[in-house]
1. Among the helices (runs of 4 or more DSSP H) confined wholly to the chain, which include 3 or more residues that are in contact with a strand residue (DSSP E or B) (Cβ under 7 Å, 6 or more places away or on another chain)?
2. Looking at the stretch 8-60, which of the residues that are of a type in the set (Phe, Trp, Tyr) and without any contact (Cβ under 8 Å) to a residue 40 or more places away in the chain is least open to solvent (accessible area, probe 1.4 Å)?
Amino acid sequence: MLNTSELETLEFYRAQGRKYGVAVSIINQADPKAVAAAKSRQEADHIMKSANSLISVAVQ
């Protein structure tokens, strides 16, 4: 689980990372069909948060 500051940082770089040469990817065991069927990004995020996830950050 990420704390509030870590979550805010993750969301910032997910949204604007390209401007700073940062690529963020989330690797998890969530059902890809359930994520694809999500009606919003928030719903997809909730599905991914409930699965075991690894966050990968690459700085270029």
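1. Once the helices (runs of 4 or more DSSP H) in the chain are filtered for at least 3 residues that are in contact with a strand residue (DSSP E or B) (Cβ under 7 Å, 6 or more places away or on another chain), what remains is 4-16.
2. Going through the qualifying residues, I end up with Phe12.
The values are calculated or read from the model by the stated rules, or taken from the named source; none is laboratory data. Given the structure is predicted, the values throughout are model-derived calculations rather than measurements. Backbone-built Cβ (ideal geometry, glycine too); neighbour counts: all protein chains shown. Areas reflect the complete protein model, heavy atoms only, side chains present, ligands, DNA and RNA absent. Shrake-Rupley method; radii C 1.70, N 1.55, O 1.52, S 1.80 Å.
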